[in-house]
1. Using the beta-carbon distance between Arg91 and Arg15 and R0 = 41 Å, what value does 1/(1 + (r/R0)^6) give for FRET efficiency, to the nearest 0.05?
2. Extent of region 18-87 along each principal axis, from alpha carbon coordinates, in Å, largest to smallest?
3. Would you calculate a helix-derived [θ] at 222 nm for the chain, using -39,500 (n - 2.57) for each DSSP H run of n ≥ 4 and dividing by the full residue count, to the nearest 500?
4. If exposed means no more than 13 neighbouring beta carbons inside 10 Å and the site is in a DSSP loop, what's the longest run of the chain without any exposed GluC sites (Glu not before Pro)?
5. Could you compute the longest span of the chain free of trypsin sites (Lys or Arg not before Pro) located in DSSP loops and having at most 10 other Cβ atoms within 10 Å, not counting the site residues?
Amino acid sequence: MPRVAVEDNSRMSFRIRAEDKAMLLRAVALKHTDLTDFVLRHALHAAKAIIEASDRVRLSERDSPRVLELLENPPAPNARLRAAARALPRRT
């Protein structure tokens, strides 16, 4: 999983087009909240969804039994897999 360096402070700043900011401010007014809370809440919701989607593998009904079968009864390693394993650096 990729890691991103996080600054020590808790502030973020970014540039935004005037019409985009106006739209956000309108939504903020309709929700009776402040801009920071609104943007943070929706950005975190989107971030969680992206992270959850990347952490999961979705299988079709057709593929699911095949994957389970391969996990329970893996095939014997072929010559290419054995060669790849031999090419790995040795742990000390």
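1. E(calc), rounded to 0.05, equals 0.30.
2. 64, 33, 18
3. Numbers: 4 runs with 54 residues, N = 92.
Value at 222 nm, helices only: -19000 deg cm²/dmol.
4. Longest stretch, sites excluded: 8-60.
5. Working: sites that count: Arg3, Arg11, Arg15, Arg17, Arg56, Arg58, Arg62, Arg90, Arg91.
The segment 18-55 is the longest one with no such site.
Any read-out appearing in this document is the output of simple, stated calculations on the displayed coordinates, not a laboratory observation. In this text the structure is predicted, and so the values were computed from the model without any measurement. Counting neighbours? That spans all protein chains shown, and the Cβs are built from the backbone with ideal geometry, glycine included.
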